[in-house]
Amino acid sequence: MRRRQRGAAVVTALLVVALCVTLVTTMFVQQQASTRAVESRRLRAQGESLQGVITAWAVVMLQDNGARSSIDHLRQPWAQPRQLAPLSVWIGADAASGATFAQGGDVVTLGGAIEDAQARLNLMTLVSTGDRTQPPGVSDVGVSAYRRLLSTLSLDSALAAPTAAYVLRSLRPNGPLPLTRVLDLLAVPGYTREAVEKLAPFVVVLPMPTTVNMNTVGPEVLAAFIPGVTVSQARTMIADRDRAYWRDLGDLSLRLKALAPAAPEPQGLMIDARSRYFIVHGEVRGGRSLRRTSALIYREGIGASLRTRVVWVREQDPEDLP
């Protein structure tokens, strides 16, 4: 009888010990999870603040260029990327001395680059947004340009018409969700993930229809906006442009006529030498941590009337499309 009692006591004691170990382990795991959550929130807040530093730098660069010139081209200071550097290089040693942006003792570095969003084909140019006298409608010029770009990229050019129809419907109160990024094209019947990935470097979704900038556009998009010009000819034009930027449509027309005499006059082709939308690509590194973000900046006006605003800021996942 006593042996049975001792055996039961041993089993009970073992069960109590096991329960205590389980409770302690659970509490430890919960504490670790809570610590990681707090650290994650802290790092996110730091990342947002550091992204703000990069965005503020971009705003200053764009404001300065807008105040000095009515033309945007790739030789100007705003178009030169800023390489990864410690925070003190960005905001000054005195300002950085009071900051606590460090991760595990590692110095946090920042890098940034400004891209002219109007170097890409803006999918909103497939429609005209209308005004008090005219309702929104499909833009023949925009659709034709998009059709040529799709063909250049060996994609189905017939996608241009349904894409324009989708964008137009999205402007209506009861329409589908509007496009906000290139990946949203998957909502339009006919697009595949592979097609969208191929398109991503050449198109963008901006809040309103825009022109393309003749001084920043690449050969594929330039050829798309000038009927009768091949990508090879556009590449030759851009090589000439990179030696001496174009001031206006007159400069572009002279070069165009010398290269392709049969090409139409560039008037009405949605091409300009100034941009209003820019994308800021930011990168923050600290130890093994890496955070990439992008921000869309809108700039309008010249001189005293110049103003800028941040339209959106997005955190980028390596698997995401723009």
Determine which member of the set VAL280, VAL284 is over 28 Å from SER69 (Cα atoms) and in the same structural domain as GLY52 (by TED's automatic domain parsing).
VAL284
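Residue by residue, here is whether (1) part of a loop (DSSP other than H, G, I, E, B); (2) over 20 Å from LEU269 (Cα atoms); (3) aromatic (Phe, Trp, Tyr) holds:
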position: THR133; (1), (2), (3): yes, yes, no
position: VAL143; (1), (2), (3): no, no, no
position: ARG147; (1), (2), (3): no, no, no
position: LEU150; (1), (2), (3): no, no, no
position: SER154; (1), (2), (3): yes, yes, no
position: LEU159; (1), (2), (3): no, yes, no
position: ALA165; (1), (2), (3): no, yes, no
position: ARG172; (1), (2), (3): yes, yes, no
Kindly provide the set of residues from the range 213-244 that are over 12 Å from LEU259 (Cβ atoms) and of a type in the set (S, T, N, Q), ordered by number.
ASN213, ASN215, THR216
Conditions: (1) surrounded by fewer than 17 Cβ atoms within 10 Å (Cβ to Cβ); (2) in contact with a strand residue (DSSP E or B) (Cβ under 8 Å, 6 or more places away or on another chain). ARG235 meets all but one. Number of the miss?
(2)
Going by the conditions given, is GLY218 at positive phi and touching a residue at least 24 places away in the same chain (Cβ under 8 Å)?
no
Options ALA258, ALA304; residue that is over 22 Å from SER70 (Cβ atoms) and either part of a helix (DSSP H, G or I) or of a type outside the set (Val, Ile, Thr) (or both)
ALA258
Could you tell me which numbered condition LEU206 fails, if it satisfies all but one of (1) assigned to a loop (DSSP other than H, G, I, E, B); (2) free of Cβ contacts under 8 Å to residues at least 12 places away in the same chain; (3) under 24 Å from the mean Cα position of the chain (by Cα)?
(2)
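The values are calculated or read from the model by the stated rules, or taken from the named source; none is laboratory data. It should be emphasised that the depicted structure is a prediction, and the values quoted were computed from it without experimental measurement. In this analysis, Cβ positions are derived from the backbone assuming ideal geometry, glycine residues included, and neighbour counts consider all displayed protein chains.
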